Amino acid sequence: MNNRLKEMRAERSWSQQALGDLLGVSRQTIISIENGKYDPSLPLAFKIARLFEQPIESIFDDEG
């Protein structure tokens, strides 16, 4: 699954660790999501969307 997480995190100057702390997950989880190696659970996807104040569909794309 493609996502804009790395780009959105960089816009806020957040480290992967800082984002992980805000979401209650590890830095490794953030790295894996950003690299497309791990698809977040639905609850985590909602947490990410709420944190960035964006709809899930604007962050995650299942096409391509």
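Scanning the range 1-21 for residues that are open to solvent by 60 Å² or more (accessible area, probe 1.4 Å) and either among the acidic types (Asp, Glu) or touching a helix residue (DSSP H, G or I) at 6+ places or on another chain (Cβ under 6 Å) (or both) gives ARG4, LYS6, GLU7, GLU11, GLN17, ASP21.
Filtered by the rule that a residue be assigned to a loop (DSSP other than H, G, I, E, B) and either closer than 23 Å to ASP62 by Cβ or touching a His at 6+ places or on another chain (Cβ under 9 Å) (or both), the range 1-34 gives MET1, ARG4, VAL25. Restricting attention to the range 35-64, the residues that are surrounded by 11 or more Cβ atoms within 10 Å (Cβ to Cβ) and either in contact with a strand residue (DSSP E or B) (Cβ under 7 Å, 6 or more places away or on another chain) or not in a helix (DSSP H, G or I) (or both) add up to 10.
The values are calculated or read from the model by the stated rules, or taken from the named source; none is laboratory data. No experiment lies behind these values; they were computed from the predicted model shown. Cβ atoms come from the backbone with ideal geometry, glycine included; neighbour counts cover every protein chain shown. Heavy atoms of the whole protein, side chains included, go into the accessibility calculation; ligands, DNA and RNA do not. Shrake-Rupley method; radii C 1.70, N 1.55, O 1.52, S 1.80 Å.
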